[in-house]
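The structure appears right after this line, and notes come after that.
The values are calculated or read from the model by the stated rules, or taken from the named source; none is laboratory data. Here the structure is a predicted model, which means the values were calculated and not measured. All Cβ positions, glycine included, derive from the backbone under ideal geometry; neighbour counts span all protein chains shown. With ligands, DNA and RNA removed, areas are computed over all heavy atoms of the protein, side chains included. Shrake-Rupley method; radii C 1.70, N 1.55, O 1.52, S 1.80 Å.
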Amino acid sequence: MKKIGILTSGGDAPGMNAAIRAVVRKALFHEIEVYGIYNGFQGLMEGNIKKMELGSVGDIIQRGGTMLYTARSEKFKTEEGQQIAIEQLNEVGIEGLIVIGGDGSFQGAKKLTEKGYPCIGVPGTIDNDIPGTDFTIGFDTALNTVIEAIDKIRDTATSHERTYVVEVMGRDAGDLALWAGLADGAESILIPEQVEDLENVVQKLKRGQERGKKHSIILLAEGVGSGVEYGKAIEEATNMDTRVTILGHIQRGGSPTGFDRVLGSRLGASAVDLLLAGKAGRVVGIQKNELVDHDITEALSQKHTLNLDMYKLANELSI
Ligand code: F6P
């Protein structure tokens, strides 16, 4: 393999730039040409491809977002779109593709691999919802962003003796809510994997109020429902002064943490190693701090599992 390509796809995540840098530098170290594909699969179909040099990835390791930009493409989901993408890759002579993104992006990588085009997936999403890896690139930074925000919310919550519902990202996955809830000592954590009755949340709040608690934080993953609706329901049921904060896309930005920079660097470099070893249709990951790789079809057929022991612990600590 003499030429490889790299793209980022789906929601951006802090640490993606560290992964791009690692792919480019590792490839150049092995004297392989690297091509950056801009705007994800959409840009690939449009031939938005540029050769990358050592300096192309200078001064990016500390930056959030993705220097290659990203997109969610409906057209690429079609046979026609995938065919056009392969033609674009062949035209430049790119022999293997590294795709950094979440499960939607991996579906794209899987499709191309099934059509005989070697792809390797690198898990990058703040949701931490990719099976076969303990952590995805961007999760740790997003977690720390949420923690910082909740620490601030707690100051005003205490001053006004209020209850806060904080809605965090995570369409189908509760990792961000669970980890932030545990790290912040939230009273209740509402996640899609473990639906909790509103009545339990209300009873817990009332018990807290009875023993003189001045404020409460409820962590809600967006996949469970609307924070605004939950806020209303909680205020009605408890009569407590309640406010709602939706953290939104602030969770996706910011300089990556040390953990995400290291994770991005390790996973990006490992994806290059796999391509050079002639592998295709694999996703890289980290398990027990060791680099691993799995078959992409198998990884996509599995469901990400949330650490229920952590959920239990969070509940025990917030009685
Ligand atoms: O998958 C990452 C994620 O941030 C989810 O947590 C969230 O539901 C979604 O992307 C938001 O997508 P968009 O940026 O397209 O609004």
Open item on the list: 5 Å is the cut-off here: which amide hydrogens, built 1.01 Å from N in the peptide plane, fall below it relative to T136, excluding neighbours closer than 5 in sequence?
Closed with: N128
Open item on the list: Output wanted: per-residue J couplings in Hz (rounded whole) for the stretch 14-26, from phi through Karplus 6.51 cos²θ - 1.76 cosθ + 1.60, θ = phi - 60°, x for Gly and Pro.
Closed with: x, x, 4, 5, 5, 5, 4, 4, 5, 4, 5, 5, 5
Task: the chain: relative contact order as a whole-number percent, Cα under 8 Å and 6+ apart - done: 24 percent
Open item on the list: I want to check the label-to-label distance for E31 and Q287. Put each point 7 Å from Cα in the C-beta direction and report it in nm to one decimal.
Closed with: 3.6 nm
Open item on the list: I'd like to check one number: the per residue accessible area of the chain, probe 1.4 Å, reported in Å² as a whole number.
Closed with: 44 Å²
Open item on the list: Residue by residue through the stretch 211-222, what is 3J(HN,Hα) from phi via Karplus (6.51 cos²θ - 1.76 cosθ + 1.60, θ = phi - 60°)? Round to whole Hz and write x for glycine and proline.
Closed with: 8, x, 5, 8, 7, 9, 10, 10, 9, 10, 7, 4
Open item on the list: Can you give me the angle between helix 139-160 and the longest principal axis of the chain, using Cα atoms only, in degrees from 0 to 90, rounded to the nearest 10?
Closed with: 20 degrees
- [ ] Could you grab the relative contact order for the stretch 1-124? Cα pairs under 8 Å, six or more apart, rounded to a whole percent.
- [x] 34 percent
TODO: Report ³J(HN,Hα) in whole Hz for each residue of the stretch 302-319, in order, from the Karplus equation J = 6.51 cos²θ - 1.76 cosθ + 1.60 where θ = phi - 60°; Gly and Pro get x.
DONE: 8, 9, 5, 10, 7, 7, 5, 5, 5, 5, 4, 4, 4, 5, 5, 7, 10, 4
Task: Heavy-atom accessible surface of the chain: percent carbon and sulfur, 1.4 Å - done: 49 percent
Task: Helix-derived mean residue ellipticity, 222 nm - over the chain, DSSP H n ≥ 4, -39500 (n - 2.57), to 500 - done: -13500 deg cm²/dmol
Open item on the list: For the chain, take the longest principal axis of its alpha carbons; what is the angle in degrees between that and the long axis of helix 198-210, to the nearest 10 within 0 to 90?
Closed with: 50 degrees
Task: Environment charge at L28 (Cβ cut-off 15 Å; Lys +1, Arg +1, Asp -1, Glu -1) - done: +3
TODO: Mind jotting down a quarter of the surface of the convex hull over the alpha carbons of the stretch 145-213, in square nanometres, one decimal?
DONE: 4.7 nm²
Open item on the list: Can you tell me which of G138, G174, G81 moves the most in a GNM of the chain? Springs connect C-alpha atoms under 10 Å apart.
Closed with: G81
Task: Top of R243, R21, R266 by mean-square fluctuation, Gaussian network on the chain, Cα under 10 Å - done: R243
TODO: Specify the angular offset, from 0 to 90 degrees and rounded to the nearest 10, of the alpha carbon long axis of helix 79-92 from the longest principal axis of the alpha carbons in the chain.
DONE: 50 degrees
- [ ] At q = 0.09, 0.14, 0.20 Å⁻¹, work out log10 I(q)/I(0) for the stretch 180-319 with the Debye formula, treating every Cα as an identical point scatterer and leaving solvent out; two decimals please.
- [x] -0.43, -0.84, -1.24
- [ ] Return the distance in nm (one decimal) between the two label points of a simple spin-label model at L317 and K214, each offset 7 Å from Cα along Cα→Cβ.
- [x] 2.2 nm
Task: Under-5 Å amide H pairs with I98, H placed in peptide plane, nonlocal only - done: G5, I6, L7, I120
TODO: Answer rounded, prolate or oblate for the stretch 26-109, using the Cα gyration tensor with square roots of eigenvalues a ≥ b ≥ c: rounded when a/c is under 1.5, else prolate when a/b is larger than b/c, else oblate.
DONE: oblate
Task: Cβ charges +1 (Lys, Arg) and -1 (Asp, Glu), total dipole of the chain, debye - done: 600 debye
TODO: Pull up all non-local amide H partners of V168: gap of 5 or more, or a different chain, and H-to-H distance under 5 Å with H placed in the peptide plane.
DONE: L220, A221, E222
TODO: Between G15, G254, G121, find the one with the highest GNM mean-square fluctuation for the chain; connect C-alpha pairs within less than 10 Å.
DONE: G254
Open item on the list: Viscosity 0.692 mPa s, temperature 37 °C: what is the translational diffusion coefficient of the chain from Stokes-Einstein with a Kirkwood Rh over Cα pairs, rounded to a whole number of µm²/s?
Closed with: 161 µm²/s
